[in-house]
1. Can you tell me which residue is farthest from the other protein chains (Cβ to nearest Cβ) among those in region B:306-326 that are under 21 Å from A:Phe253 (Cβ atoms) and part of a helix (DSSP H, G or I)?
2. Over 24 Å from B:Trp111 (Cβ atoms), among the small types (Gly, Ala, Ser) and more than 22 Å from the chain's Cα centre (by Cα), is that true of B:Gly181?
3. Looking at region A:216-235, can you tell me whether even one residue there is of a type in the set (Ser, Thr, Tyr) and at pLDDT 95 or above?
4. Residue check: is A:Asn286 away from chain B (no Cβ under 14 Å), farther than 27 Å from B:Ile357 by Cα, in a helix (DSSP H, G or I) and more than 31 Å from the chain's Cα centre (by Cα)?
5. Which of the residues that make up region A:210-234 are of a type in the set (Lys, Arg) and touching a Leu at 6+ places or on another chain (Cβ under 8 Å)?
6. Is it true that B:Asp362 is within 11 Å of chain A (Cβ to nearest Cβ), within 26 Å of the chain's Cα centre (by Cα) and not small (Gly, Ala, Ser)?
7. Could we say that A:Ser254 is closer than 27 Å to B:Tyr402 by Cβ and part of a loop (DSSP other than H, G, I, E, B) here?
Amino acid sequence: MSTLKAVYYINQFFAGIGGEDKADTGLTVFDEKKGPAIGIESMWNGEMKVAKVLSCGDNFINNEENYESVIPEIAQIIREINPDVFIAGPAFNAGRYGVACAKLCDYVRRELNIPSVTAMYFENPAVRMYVRDNYIVETGETSGSMRQALPTLAKLSLKLAKEEKIGPARLEGYLPTGHRYNEYHEKTGAQRTVEILLKKLNNEKYVTEVPLRGLEMVESADPVASIKAAKGALITTGGLVPKGNPDGLKQAFSVTYGKYDISQLDSIPASDYESIHGGYDTTHVNEDPNRLVPLDELRKLEQEGAFGGIYHEFFTTCGIGTNVESGKDIGRRIVADLRQAGVEFGILTST
Amino acid sequence: MKLTRQYFDVKDVVWGKELGYKDGVLTINKEQLLEQAKSYLKAVTNVDLEIIKPGEDVRIIHLLDTIQPMYKVEGQGQQYSGFFGQPDTVGEGITNLLRGISVMESAPLPWDDSASSGLLYPRDAIMDMSGPIAGFTPFSETINLVVLYELAEGKSSAEYDRDIRQIGLAIARELAQLTVGQEPDETEVFAINEVDPDLPNIVLVWKCQNQGVYSNTLLYGLPIDNLVPTLLHPNEMLDGCVVSGNYVWPAFKVPTYLHANHPIVLDLYRQHGKTLNFRGVILGRSHNPTNWHKERSANFCVKIARYLDADGLIMAWEGGGNAAVDGMLTIQAAERVGIKTSTITFEFGGKDGTEGILLVDDVPEADAVISGGSIEKTYVLPEVFKAVGGDFLRLNKEAGGYFPPATESITFDTTTHLYLSGNQSGHSKLFAESY
């Protein structure tokens, strides 16, 4: 087997060009190894060589115009070499350097179809921007962690070059990309639940298996300026549908919603509507659907002139087990309908 | 409190003339065993049995509960106390268990008005003895005596539920009773009396589903709807004080077998005196109806944990998103008073794990969460040689029903119908690996 080839990207500092004062330097191409490219090659035991080292100043490459102007040249160099892998960094917690590394890795992987890998600290702003689709080996905050990071980067880059199957983040040493697939662990869930608690109690390092991605806060809408003239819509996550569920809405894990005409109704009759929701006892709603979608009382208020009118359809879905992304999508589609119809407020009833 | 469990391995189950257990072989005379069912034949009109073994190309459907056959030979009360007599406190003395076998209930519970609400209708629980989903349940590795029920028409959900359960428990009792007087294959002693002051004290909080008939958990024979969290000695659970009556979400339910062999209880026991002191189980209701109830439940759990000088608390729950809120509030309440916590739950995340949040609810204090696997994954169940429990699956009631042939290949885009795939008691090795 012939020796594999890597192209390596570093910034002006690791290329030995200079510090902050040289951060505006444009593209430099080295045939000789520089910086981390020297150390990493010896870790490949002759299986792979660094064919070329590319370097740009951090300020230069982070300027969008400069980037656009230099990227065809970089692409041309890489195409000519046709390496088996593209490597950038480690950038540690250096923001501009991190973004340059991750952006180039993303470009090379996507546009040139060559596997790529970089390395940096988990809080580097580039991680949030690029980690979903790119391999980023975890490093410490500063270049003091180079010695620990380089063997992991060497191993992963060689695997990528050989087109070997890349294992899970915790075993390969890259930052989790957010992709998660069902597999079987060597230990049961019960064992791991006890183990992680013991680690926590014994002040040992522990890593949660399910990262919290943070619940998004939803900002309240502005108050309706003039309620007397405003038209409103009824929306429920309580699963009220015409009997027989004509649109086949799901009773859980919803991906869509139904809308049903109420323009001729003064209240919602129990004889014609039912809740199909799979997460609460629907007995009381089925006795009187207005308990969920309060059309009866709203019609009275409408006649009293409390507001401008009720939209001619009510909207319904089942809010149980619904993926947040599906929930957002359902919400956006309902709102688009309502915006177009000039509806100014919605009454949302959940269960 | 000291409990001795005597395990009797079941290496094979065969049909025969005389009901008996000898040299690891359980012989079943169907008529003789079904004598146990006779006095409960009210909402149930007829009962049949099937023996299913590991590795078979078999799909079991319409699964309700799965029971650990056991029989109390010494000490107060009976196995599954509260079902065949007074609710005597159990957990002491000697109990015989058949190991390697389960008693499994399968019945097409009616979809008519007897299941009064969308929440409380029984959803088809499906398991395969081999193939891609076999690892979701521990019962692909046990011999399963499947009890097949024919149901009377026009009975209430409570009547079906009661008779099915009583028959299952009676059959399990009868089988385990066959071991009386014989030498066990293994004996295990369970006691937590000794507390090592150098080891951390740990409690398990176990919140179980209760929303009505078909979505129920029973403690000493009664539903837990009116229960504030209470303290159990883990031995009470080992003797079967908690029994499942939950048929709503196949992925999230926990069968009686896993209450009585709760994987976290057993693991805490195995670590007791070595790495930790197991101080007890706090049993409560999950799916509490309001935030007020949920906060009260969380606070009661933590109060009991503090009485037990707990340093650590494992929060585990049966059920879906509603129960997750109860669990997260309990974690928060515990961490706020310095009790460290861990938990296990199924997760979401969509096909590749990147879609949105992974949990329905979380609190920042939940920083040690074990993955029970993602329910939002597609599984293709292969064609199987045989289906037990019925000829057709029963799916999508809300959309008028969908009844595909049970032996044919079928694709599910979530695991909600796949028995125990939510891994809520930590029984399986299924988890979502992070790439």
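The values are calculated or read from the model by the stated rules, or taken from the named source; none is laboratory data. All of these numbers come straight from a predicted model, not from anything done at the bench. In this analysis, Cβ positions are derived from the backbone assuming ideal geometry, glycine residues included, and neighbour counts consider all displayed protein chains.
1. B:Asp326
2. yes
3. No.
4. Answer is no for this residue.
5. Selection gives A:Arg213 alone.
6. yes
7. yes
One line per residue, one yes/no per condition, for (1) touching a strand residue (DSSP E or B) at 6+ places or on another chain (Cβ under 7 Å); (2) more than 14 Å from chain B (Cβ to nearest Cβ); (3) buried (at least 20 other Cβ atoms within 10 Å of the Cβ); (4) under 25 Å from B:Asn396 (Cα atoms):
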residue	(1), (2), (3), (4)
A:Leu298	yes, yes, yes, no
A:Ala306	no, yes, no, no
A:His312	yes, yes, no, no
A:Gly327	no, no, no, yes
